[in-house]
Amino acid sequence: MEIHPPERPLHTFKDILLQLTIVTIGILIALSLEALVEWGHNRALVREARAKLTQEIRDNKRQVDEALQKAPALVDAHKQVLAWINERLAHKEPTIHGLHLDYSQVLLSDSSWRTAEATGVLGHMGYAEVQKYADVYALQAEALRLQQRTIDIAVAEAQQAEFEDLEHLTDSELQSWKQQVIALLSHLRAEQSFAKALSDRYAVALAKP
């Protein structure tokens, strides 16, 4: 913004007052235009961030819903493992043949949320909207922490089951494996509960106000 001196000398107080008024009005108009341009720019950033957050949440919800569909079969498979171990510990002839150990990680993104935080776009959104997103990603972070603990147990269980001959496991080895399976089943059920709550929270975030 540039301010130019008057083109002719100022002789009276009226001339000075007129020029000051013109300059003041010019400054106010320039500042208003700058503020309007900045407001429009911020609104564009908010729209872009909102679109990216919505897409990220939609993608994450799809991942979680797919995992929820597979969860009952995953729990049943490990129940079969537990039943097989119990039969072996009771020295009974196993009625279960073919154990299936499987656990797939659910990948959830928060890059759009972290970008919105880092760029300060959240400061241009309403409080209620920011809180809505914050609640979603906080619950998502808790779900991912729980998943990591489940993965650690699943890896230990898989290592336990890597014996070349399961038929020759000792009672001590079977008991150790049993405790891992029980812990894993507990975590899988907790994951299901978290996943259901997270899917519901995603749905709330995606709902139009």
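The charge dipole of segment 51-209, taken about its Cα centre with unit charges on the Cβ atoms of Lys, Arg (+1), Asp and Glu (-1) only, comes to about 860 debye.
Potential lengthening of the chain between residue 167 and residue 155 amounts to 2.2 nm, from the contour at 0.36 nm per residue minus the alpha-carbon distance. Each Lys or Arg adds one and each Asp or Glu subtracts one; over the other residues with Cβ under 12 Å from the Cβ of residue 84, this totals +1. Counted by neighbouring Cβ atoms within 10 Å, the residues 115, 170 run from fewest to most as 170, 115. Using the Cβ-Cβ distance between residue 204 and residue 115 with R0 = 22 Å, the FRET efficiency computed as 1/(1 + (r/R0)^6) comes to roughly 0.50.
Three principal axis extents of segment 83-141 based on alpha-carbon atoms, in descending order, are 67, 18, 13 Å. Segment 112-148 and segment 41-68 have Cα centres spaced 11 Å apart. Sparsely packed loop sites in segment 164-198 (the GluC sites (Glu not before Pro) outside DSSP H, G, I, E and B with at most 15 other Cβ atoms within 10 Å) comprise 164.
Bear in mind these aren't lab numbers, they're just calculated from the coordinates by the rules spelled out. This is a predicted model, so every value here is computed, not measured. Note that we place each Cβ from the backbone using ideal geometry, even for glycine, and neighbour counts take in every protein chain shown.
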